[in-house]
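The values are calculated or read from the model by the stated rules, or taken from the named source; none is laboratory data. On a predicted model such as this, the values are computed, not experimentally measured, just so you know. Here the Cβ positions follow ideal geometry from the backbone for every residue, glycine too, while neighbour counts run over all protein chains shown.
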Amino acid sequence: MPTGGYVIPLLHLRVPEAAVNLGFWTVLGASAALGAVDPPLAALVAAGVIIARHRTRA
């Protein structure tokens, strides 16, 4: 079984990690740009995600 990426549980569909990352950052940026999330909060979420990913890869 290939490793990496994510599996959508109900569909058993494997999604590459790069596609999930692109979708996450796009939605986070769009929500901040459209005003659904305040920019400082979006920056804190982004920093937390970057730190968490860095710590799990080390």
Practice task
Quick one: count up the residues across the stretch 2-45 that are outside any helix (DSSP H, G or I) and either of a type in the set (Phe, Trp, Tyr) or on the phi < 0 side of the Ramachandran plot (or both).
Solution key: 15
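Output the residues belonging to the stretch 46-58 that are exposed (fewer than 10 other Cβ atoms within 10 Å of the Cβ) and part of a helix (DSSP H, G or I).
The initial filter retains those residues of the stretch 46-58 that are exposed (fewer than 10 other Cβ atoms within 10 Å of the Cβ), namely 54-58.
Hits for the stretch 46-58 are HIS54, ARG55, THR56, ARG57.
Just to be sure before I move on: is ALA18 modelled with pLDDT of 95 or more and surrounded by 10 or more Cβ atoms within 10 Å (Cβ to Cβ) in the structure I sent?
On the way: modelled with pLDDT of 95 or more: no; surrounded by 10 or more Cβ atoms within 10 Å (Cβ to Cβ): yes.
Against the criterion (modelled with pLDDT of 95 or more and surrounded by 10 or more Cβ atoms within 10 Å (Cβ to Cβ)), ALA18 does not qualify.
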Practice task
State all residues of the stretch 20-58 that are of a type outside the set (A, V, I, L, M, F, W, C) and more than 19 Å from GLY5 (Cα to Cα); if no residue qualifies, say none.
Solution key: GLY29, SER31, GLY35, ASP38, PRO39, PRO40, GLY48
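Would you point out the residue of the stretch 29-53, among those that are of a type outside the set (Gly, Ala, Ser) and over 13 Å from the mean Cα position of the chain (by Cα), that is nearest to GLU17 (Cα to Cα)? Show your work before the answer.
First, the residues of the stretch 29-53 that are of a type outside the set (Gly, Ala, Ser): 34, 37-41, 44-45, 49-51, 53.
Keeping just the survivors that are over 13 Å from the mean Cα position of the chain (by Cα) gives 34, 37-41, 44.
Details: LEU34: 26, VAL37: 24, ASP38: 27, PRO39: 25, PRO40: 26, LEU41: 24, LEU44: 22 Å.
For the stretch 29-53, the residue satisfying everything is LEU44.
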Handout entry: Given (1) exposed (fewer than 11 other Cβ atoms within 10 Å of the Cβ); (2) touching a helix residue (DSSP H, G or I) at 6+ places or on another chain (Cβ under 9 Å), index of the condition LEU28 fails
Key = (1)
